[in-house]
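The values are calculated or read from the model by the stated rules, or taken from the named source; none is laboratory data. Treat the numbers as computed from the prediction; the structure is a model and nothing was measured. Methodologically, a virtual Cβ is constructed for each residue, glycine included, from the backbone with ideal geometry; neighbour enumeration extends over all protein chains shown. Quick note on the areas: whole protein, heavy atoms, side chains included, nothing else; ligands and nucleic acids left out. Shrake-Rupley method; radii C 1.70, N 1.55, O 1.52, S 1.80 Å.
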Amino acid sequence: MPRPRILVINPNSNPAVTQGLEDALKPLGFESGPELVCQSLAEGPFGIESQADVDSVAMPLRRLVESDNSSAAFVIACYSDPGLQVCREGTDRPVFGIAECGVLTALARAETFGVIAIAQRSIPRHMRYLRQMGLTDRLAGERPLNMSVAETASGEGTLAKMIDIGRALRDEDGARAIVMGCAGMARHRRPLEDALRIPVIDPTQAAVTMALGTVQFSAH
């Protein structure tokens, strides 16, 4: 029997982000479990940093999901969860969004959580989503790095800025867990958690963990 596959889709076209996802997901791969495949969306912008970027990838994501007859589950690896609902309409297989999964994982670890956003203009978009989820009362705060997606994935000084912002979310805003608000931050999770001494959630790892459980239990 072939191993079931979980397709992790990076909706931007930056290969450094996709490589960072692959590296972050290596601990979740095991020989008898589902195959984890990371793929960039060729039609996507280099970074998803605005509502226009979010909207532009919704239908390309749906077409990719609809045309894939091999994957048992899909993960949309962008913190705005672009195209999540239209992709769910386009398949009977489970589709996970990393923002939704990241926040739910944080709530399982702590009473309050904070979010590190890539930019100030990302925060209103994230807040709209949290209001839809009915979870704003558990949000301690959200603060921006004011960097691009590309800079968070491979730029110098990113971790130091994330530590500074994480400390402010913890000490000034009262966050007891931190969610990294961009898939490009994946490689910084462990050192950030070591520095802050509170749970730090990589939302892609959270979403893939949920997908793994879903696929494994549906196969047995």
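For the Cα atoms of the chain, what angle does the longest principal axis make with the long axis of helix 122-133, in degrees from 0 to 90, nearest 10? With both axes taken from Cα atoms, the answer is about 70 degrees. Once the Cα atoms are used to define both axes, helix 98-109 deviates from the longest principal axis of the chain by about 60 degrees. The length gained on full extension between Asp55 and Arg167, counted as 0.36 nm times the residue separation minus their Cα-Cα distance, comes to 37.1 nm. Treating the angle as unsigned and between 0 and 90°, give the value, to the nearest 10°, between the Cα long axis of helix 58-67 and the longest Cα principal axis of the chain. Roughly 30 degrees between the two axes.
The simple spin-label model puts a point 7 Å past each Cα toward its Cβ; for Phe30 and Arg63 those points are separated by 3.9 nm. Report, to the nearest whole %, how much of the accessible area of the chain belongs to carbon and sulfur atoms, 1.4 Å probe, protein only. Answer for the chain is 51 percent, counting heavy atoms of protein chains only. Centroid-to-centroid, using Cα positions, the stretch 167-208 and the stretch 1-36 are 20 Å apart. With point charges of +1 on the Cβ of Lys and Arg and -1 on the Cβ of Asp and Glu, referenced to the Cα centre of the chain, which listed residue (Leu196, Ala108, Gln51) lies farthest in the positive direction of the dipole? In the chain, that residue is Ala108.
Hand me the trypsin sites (Lys or Arg not before Pro) from the stretch 74-161 located in a DSSP loop with no more than 15 other Cβ atoms within 10 Å, in residue order please. Passing both the DSSP loop test and the Cβ count: Arg121.
Considering only alpha-carbon pairs that sit under 8 angstrom and 6 or more positions apart, the relative contact order computed for the stretch 31-101 is 28 percent.
Based on protein heavy atoms only, the stretch 142-220 ends up with 43 Å² per residue of surface accessible to a 1.4 Å probe. Each of Phe46 and Ala150 was given a label point 7 Å from its Cα along the Cα-to-Cβ line. The distance between the two points is 0.2 nm. Taking every C-alpha pair closer than 8 Å and separated by at least 6 residues, the mean separation divided by the residue count of the chain gives a relative contact order of 24 percent.
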